[in-house]
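First up is the structure itself, then whatever we jot down about it.
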Amino acid sequence: MYENDGTRIVERFPDAFLAAFPVAIETLPMLHFSPGSKFLQVCTVGCNLACGGCVSEILVGHAESLAASGTALTTSDLLDLAASHVCSGIAFALNDPIASFPTFCRLAEEARKKGLSVGCSTNGYMTESSALHLRERIDFANIGLKGATDASYRACGARDAAPVFRTIRLLREGGVHVETSIVYRRGGEDEVLDAARMLAAISPDIPLQVMRFVPFGDAGLGQEPTIYASEELCDRLRGILPWVYLFNSPGTAHLTTFCPECGKPCIEREFFGPMGSHLTGKVQTTCSCGHALPVRGSITPEVFYEPGMMGGYRVTRGLEMVWAILNCLGVQDQSVLAGIWGEVLRTGMLGKELHDRMNNIDAYLDLVMDFAHRTAREEAGRDLCAYIRERLDFVRERVADAPRPRVYYAMGHPLFALNPGRFEGKLVEAAGGTYVNQAIGREGKPGVSIPREEFLALAPEYLFTSGFLTSTVEDTLRYCAEHGLDVPAVRDGLVYSMHPSWDFGSPRWILGLMTIANALHPDRFNFRIEEEADGFYRRFYGVPYRAAAANRSFAHPGTERR
């Protein structure tokens, strides 16, 4: 991202932003600064670290191709967009501002002249002079910790942890509102606890956002902790810091701000995609008991609701869903991939269009052919669609006159219900089930938390948990027992946890359809799932099913079995 021009170090792609879109501040994520406000989220490409399982793999691992793709927004473009969307400010996120530091600082200066607030998400690994330069130009920052030890930073290509904690201290001393986030990997409890103690020594008012590790990119499933383990860690952390929150865990109550004095909820939030949250109800910065929360800025009464796949890091998952199709079409050329991603971002396709097409089975097949045409891979597109269509039609025909059991689809905890219009529900219906989530009269992204009484009224005979952000069958049954969720599915042991990316976001959903059909109608289907998976993986990935690396990326094949 930088080069020596013979006299000094300069940016290779100055004043060129890859994308910009309005978001609610909680999806950045930022929890104690101007709750509910709308910001223009901007990004470039590249990063100064190389972390395994990066959620922004597309923007970091394909930086060169994306930067050269011709898709660029100027500072003037961003200021116009912020004004047209009536944003409170501008925030740099998705990749690290250090990758485009002079460019971001110039944007910050111009934005402040317009009366806009400015913030960023950064790993904080920068020199003292850069931190001092930055703190004069921003109002808030989320510092993403990799851990507390030098070893954790060396694993990401850095030398040690000290510069990051120095940045946190310098920004706070300069009046910047600082929040922190930290990745929690299985077995890494001591690392997170030590980081919390180091933050408490700087200030106990610094919020700590615990990012339950979800293995994307090249990371394996063995590093992913359960939601239960993550909640237990957060309970321990609150003995060190009062403001601790848990992300990447649908259905958790650990996203809500509770008063540390009386325990009442003050700011209610729920899961909103990877590394994001959204306000859902009560928002008060002073508890009814009189205790004031360390929240800066005004509250926006009408929370902005991002369309389609927009909002925080949901954008990276949307781009990866596009990549998942291109991968099955055999598109490997970096310039072609970057061109498609750039077009998707430039045209706003990640909004309603792509979201709607990704959540409808037949429209999904049309989307495959659309991308096949754009990349001159029509024959590969026809091959993929024919493979899917043959199995899809077979299932639909066999269940045409079948009884339709009641099926509920969750993500994470059982009381986080997927939206009525989700793709997973389309699979349930195609496989001969009744998708009871349709009776839920409200929506979130990708779903909403529902009360126990509503879950009981749905009375599902089968309970599936999404393969994206999931819980094991054992944890699901444990949760149901603890919360008195006594429904037929639980009593009869008809509870399932789906394979990663087999029910949404990847052409592998055809394997999920056959899995669901086997479960709902064993008298009509006996798909040999492992054989089907091996055929699919060999045909469209060029690898045997058992040889594929398992994780939760849409673009990369996974092999976890439940």
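The values are calculated or read from the model by the stated rules, or taken from the named source; none is laboratory data. Every value quoted in this text rests on a predicted model; they were computed, and no experiment measured them. Glycine also receives a Cβ, built like all others from the backbone with ideal geometry; neighbour counts cover every protein chain displayed. Protein only, heavy atoms only, side chains kept; ligands, DNA and RNA dropped before computing areas. Shrake-Rupley method; radii C 1.70, N 1.55, O 1.52, S 1.80 Å.
In terms of its alpha-carbon gyration tensor, region 223-298 comes out oblate; a/c meets the 1.5 threshold, while b/c is at least as large as a/b. Under 20 Å of direct C-alpha separation, and excluding same-chain neighbours fewer than eight residues apart, K113 reaches these aspartates and glutamates: D15, D77, D80, E136, D139. On the protein heavy atoms, probe 1.4 angstrom, tell me the percent of accessible surface of region 125-248 carried by carbon and sulfur. The value for region 125-248 is 46 percent carbon and sulfur by accessible area. Do you know the relative contact order of the chain, to the nearest whole percent, from alpha carbon pairs under 8 angstrom that are 6+ apart? Here the relative contact order equals 12 percent. Each residue, V543 and Q332, gets one label point 7 Å from its Cα in the Cβ direction; the gap between the two is 1.3 nm.
What relative contact order, as a whole-number percentage, does region 410-562 give when Cα pairs under 8 Å and 6 or more residues apart are counted? Over region 410-562, the number comes to 22 percent. When the solvent-accessible area of region 309-458 is split by element, carbon and sulfur atoms take up 49 percent of it, the probe being 1.4 Å. Taking label positions 7 Å along the Cα-Cβ direction at both D366 and A151, the computed distance is 5.4 nm, reported to one decimal.
Summary of packing: across the peptides 480-487, 187-194, 250-257, the per-residue average of other C-beta atoms within 10 Å ranks them, highest first, as 250-257, 187-194, 480-487. Per residue, the chain exposes 36 Å² of solvent-accessible protein surface, assessed with a 1.4 angstrom probe and all protein chains in place. Note on S76 and A439: the extension gain reaches 126.1 nm, defined as 0.36 nm multiplied by sequence separation minus the Cα-Cα distance. Oblate is the label for region 316-369, because a/c, from the alpha-carbon gyration tensor with a ≥ b ≥ c as root eigenvalues, is 1.5 or above and a/b does not exceed b/c.
Placing +1 on each Lys and Arg Cβ and -1 on each Asp and Glu Cβ, with no other charges, gives region 165-205 a dipole about its Cα centre of roughly 120 debye.
From the Cα gyration tensor of the chain, with a ≥ b ≥ c the square roots of its eigenvalues, which class applies: rounded if a/c is under 1.5, or else prolate if a/b is larger than b/c, or else oblate? Because a/c hits 1.5 or more and a/b fails to exceed b/c, the chain counts as oblate.
Were the residues from S203 through R236 laid out at 0.36 nm apart, the gain over their Cα-Cα distance would be 10.1 nm. For each pair in K38/K445; K264/K352; K146/K426, compute the distance between the two Cα atoms and list the pairs where it is over 27 Å. Where the Cα-Cα span goes over 27 Å, the pairs concerned are K264/K352; K146/K426.
In region 478-550, carbon and sulfur make up what percent of the accessible area (probe 1.4 Å)? Can you show the working numbers first?
Details: 1360 of 2930 Å².
Reported share for carbon and sulfur atoms: 46 percent.
The residue among T465, L78, H355 whose Cα reaches farthest toward the positive pole of the charge dipole of the chain, with charges on the beta-carbon of Lys, Arg, Asp and Glu, is L78. The amide H of V42, built 1.01 Å from its N in the peptide plane, has A91, F92, A93 as neighbours under 5 Å, considering only residues 5 or more places off or on other chains.
Subtracting the Cα-Cα distance of V10 and R452 from their residue separation scaled by 0.36 nm leaves 153.4 nm. Every helix of 4 or more DSSP H residues in the chain counts as -39500 (n - 2.57), and over all residues that averages to -11000 deg cm²/dmol at 222 nm. Compactness of region 68-133, taken as the C-alpha radius of gyration over 2.2 N^0.38 Å, stands at 1.15. Applying the criteria of a DSSP loop state and at most 14 other Cβ atoms within 10 Å to the trypsin sites (Lys or Arg not before Pro) of region 395-468 yields R442. Between R404 and T347, the modelled labels are 3.3 nm apart [label points 7 Å from Cα along Cα→Cβ].
Amide H to amide H distances under 5 Å link Y184 with M211, R212, F213, where only residues 5 or more positions off or on other chains count and H is placed in the peptide plane.
How many percent of the alpha carbon pairs in region 190-244 exceed a separation of 16 Å? Kindly include the intermediate steps, with their values, before the conclusion.
Numbers: 652 of 1485 pairs.
For region 190-244, the share of Cα pairs beyond 16 Å comes to 44 percent.
Solvent exposure of D475, expressed as accessible area, is near 30 Å², computed with a probe of 1.4 Å over the protein chains only. Rounded to the nearest 20, the size of the Cβ-charge dipole of region 213-316 about its Cα centre is 300 debye, with Lys and Arg at +1 and Asp and Glu at -1.
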